[in-house]
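Chemist: Below is one structure. I have some questions about it.
The values are calculated or read from the model by the stated rules, or taken from the named source; none is laboratory data. The structure presented is a predicted model; accordingly, all values stated were derived computationally and were not measured. Here Cβ is always computed from backbone atoms with ideal geometry, including for glycine, and neighbour counts include all displayed protein chains. In case anyone asks, the SASA skips ligands and DNA or RNA and just uses the protein heavy atoms, side chains included. Shrake-Rupley method; radii C 1.70, N 1.55, O 1.52, S 1.80 Å.
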Amino acid sequence: MTALTLDVARKISDAALAKCRELKLKPMAIAILDARGTLKIFVAEDGTSLLRGEVAHGKAYGALALGMGSRAIFKRANEQPYFVDAINTMARGALVPVPGGVLINDKDGNLLGAIGISGDTSDNDETAALAGIAAAGLVGNAG
């Protein structure tokens, strides 16, 4: 597999939402970007707050932009805040450096895209993202 298809993106988002409901999490917003950074799919459950979609997109975008899951970006932001702030300035504030943004790879390690989820705690967002990726038979890289 070399591209993230709409069908696969739907499988990921559906499985991630199922995990959210299984865990009884707050309403979620999910953004899935392909490897080019183009929005492939966006879903928001009823009851999400106003900026959840932007936060979800920022988590996925940051993972793609820096080539690492947003948990790793969060760690780097704590260790090198000026660096992450400078990168975010260059990205015009589009990065959200907290867990919940996960790179999507195929079984051979090829980058297909990224998912960002926002709505609950960052750790729960990341758990749902990883569950969605795994349900589609792909590999998630959160950190």
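Chemist: Return a whole-number percent for the relative contact order of the chain, with Cα pairs under 8 Å and 6 or more residues apart as the contact set.
Modeler: 32
Chemist: Right, next: Which of (1) 14.4; (2) 16.8; (3) 15.2 is the computed Kirkwood radius over Cα pairs in Å for the structure on display?
Modeler: It is the one labelled (1).
Chemist: Right, another one. Please work out how much length the chain gains when fully extended from ALA135 to ARG92, using 0.36 nm per residue of separation minus the C-alpha to C-alpha distance, in nm with one decimal.
Modeler: 12.2 nm
Chemist: In addition: Nearest 500 deg cm²/dmol is fine: what mean residue ellipticity at 222 nm does the chain get from its DSSP H runs of n ≥ 4 alone, each adding -39,500 (n - 2.57), divided by its residue count?
Modeler: So the helix-based figure for the chain works out to -14500 deg cm²/dmol.
Chemist: Within straight cross-link reach of LYS107, meaning Cα distance under 25 Å, which lysines are found once same-chain residues fewer than 8 apart are removed?
Modeler: LYS107 reaches LYS11, LYS19, LYS40, LYS59.
Chemist: In whole percent, how big is the carbon plus sulfur part of the accessible area of the chain, probe 1.4 Å, protein atoms only?
Modeler: On the way: 3860 of 7140 Å².
Reported share for carbon and sulfur atoms: 54 percent.
Chemist: Setting aside same-chain residues fewer than 8 positions from LYS75, which aspartates and glutamates have a Cα under 20 Å from its Cα?
Modeler: Answer for LYS75, where 20 Å is the Cα cut-off: ASP85, ASP120, ASP123, ASP125, GLU126, listed by chain and number.
Chemist: Could I ask something else about it? Can you compute the modelled spin-label distance between GLU45 and ASP108, with each label point 7 Å from Cα toward Cβ, in nm?
Modeler: 3.6
Chemist: Same structure again: For a label point 7 Å from the Cα of THR2 along Cα→C-beta, name the residues of region 64-108 whose backbone N is under 16 Å from it.
Modeler: Those under the cut-off are 106-108.
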